[in-house]
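Structure first, then comments.
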Amino acid sequence: MNLEQLYTVDDVARFTNLTTRTIRNYLKEGTLKGKKIGGQWRFTMLNITELLNDSNAKIDMSNANEQYLMDFVNGVNTDISGEIQICTIADYYCHVTELASQLSQSFSEVISAYADGSNLAKYNYYYNEHEQKARYIFFGTPDYIISTMRILQDVWEQLNVNQECFSDKAENYEKGRPEYPPEFIAYLYNDLGISKSDVIADIGSRTGKMSKLFLEKGNRVFCVEPNRDMRNLSNDRLNHYKHYVSVPKPAEDTGIKSNSIDYIVCGNTYDYFDRHLAKPEFKRILKKDGKVIVTYYGPDLEYSSELAELNSKYALKNTSALPQKNRDFSDIFRKDRFVEKIFEHTFFESYDDFIAGCMSFSGAPKPKDENYNLYCDGLKNIFDNFKTNDKLKCTFRLRCLIGSVDDLN
């Protein structure tokens, strides 16, 4: 069993760049909460995070940081040991304070490892609500600074994974992905009860295939898509709609006004989100009785086994994003707390459309990858072996899961 790490008064002082006397005053005032163990105050990371977000404490920390920075610049920052001292400031712009706080906790764990009773490192964090900016300040030795920068690099890579995996795939995505069956949109308006006045947020909107259905009905649609190539193509296709709003943000930090959305829709994108961060963001932007609609287009193809074998040989490691038959998505919502509808869509596609569809998936190799030509040859063989009158028969099953944000897993 992992026990939660506890911090001392000295630790909190180090995190905030404040004196231990100030920290003890916070305790007396109730600004800082903790518990006594063996007669000594101990604090959880939640206690410290609450202090870091306190408005009065922010002012104190900001003033302390300014003085500390000036001391560092003037060469009088003498309370950190080590021959080389580095000061680094990192600004992280985010609408959701939970994201900033989680990142702060990671930095706090690093400084705990480096401090170890000596003054090898200092760290401070505060969030500016007006600018929607988290500022992290690090003072210490090169090893400590490198460790914190590695965390920032990991965060950057994680924020961009949803963008990079679909880079250079927008044209293929638009051309090769199937359109939504008419029965699906009819169900949403006639049975589920979506009306023209409802505001829709299409999270992970890609090239806007689903958004277009709502825009044609007259709805105001926020198309949330972080990938530039996808978003540019969506803008080209949808900008002429009066109620189209392009949002260049990730699902975990949409920047959409709180309590403003009637329906959130996610078309084959929910698996790309960090669910622990996306769920509170969904809850923030949804109205009280708003609904979440998650859809997945899964292939039921005569050549599924051949395509799966080709993917296993030549596709990139991110094969979870490639088409999978009979995939179960019931874990999106809590058991028996959602409505499910299935729509079957059969169509015939040309060789070019077939290739575009296969290349649109995130795990498919790109032209610069070494397996690209082998993958293309394999796709041509599949098309030639299963075509009828130069067309492939394609059957897709659209699963539509509808529930409340509180019932999301």
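Surface analysis of region 333-380 yields an accessible area of 57 Å² per residue, using protein heavy atoms and a 1.4 Å probe.
By the Cα gyration tensor, the chain has an equivalent ellipsoid whose semi-axes, rounded to whole angstrom, run 48, 25, 19 from largest to smallest. Among the protein heavy atoms of the chain, carbon and sulfur supply 46% of the accessible surface, probe 1.4 Å, non-protein parts ignored. Among 47, 190, 17, the largest mean-square fluctuation in a Gaussian network model of the chain, built with springs joining Cα atoms closer than 10 Å, belongs to 190. This model, with +1 at the C-beta of Lys and Arg and -1 at the C-beta of Asp and Glu, gives the chain a dipole about its Cα centre of some 1000 debye. Span-like helix criteria (full DSSP H runs; alpha carbon extent of at least 30 Å along the helix axis; mean Kyte-Doolittle hydropathy of at least 1.0) are satisfied in the chain by no helix. For the chain, DSSP calls about 70 percent of its internal beta bridges antiparallel. Rolling a 1.4 angstrom probe over the protein heavy atoms with all chains in place gives region 200-240 an accessible area of 33 Å² per residue.
Amide H to amide H distances under 5 Å link residue 94 with 133, 134, where only residues 5 or more positions off or on other chains count and H is placed in the peptide plane. Taking the Cα centre of region 266-309 as origin and charging only Cβ (+1 Lys, Arg; -1 Asp, Glu), how large is the dipole, in debye to the nearest 20? Dipole of region 266-309, to the nearest 20 debye: 780 debye.
For region 345-409, the square roots of the Cα gyration tensor eigenvalues, ordered a ≥ b ≥ c, give a/c of at least 1.5 with a/b no greater than b/c, which places it in the oblate category.
Dipole orientation for region 337-409: of the candidates 361, 381, 398, 398 has the Cα lying most toward the positive pole (charges on Cβ; Lys, Arg +1; Asp, Glu -1).
The Rg/Rh ratio for region 222-262 is 0.98, where Rg is the radius of gyration of the alpha carbons and Rh is the Kirkwood radius.
The values are calculated or read from the model by the stated rules, or taken from the named source; none is laboratory data. Keep in mind that this is a model prediction, so the values were computed, not measured. Here the Cβ is made from the backbone with ideal geometry for all residues, glycine too, and neighbour counts use every protein chain on show. These accessible areas exclude ligands, DNA and RNA; they are computed on the full protein's heavy atoms, side chains included. Shrake-Rupley method; radii C 1.70, N 1.55, O 1.52, S 1.80 Å.
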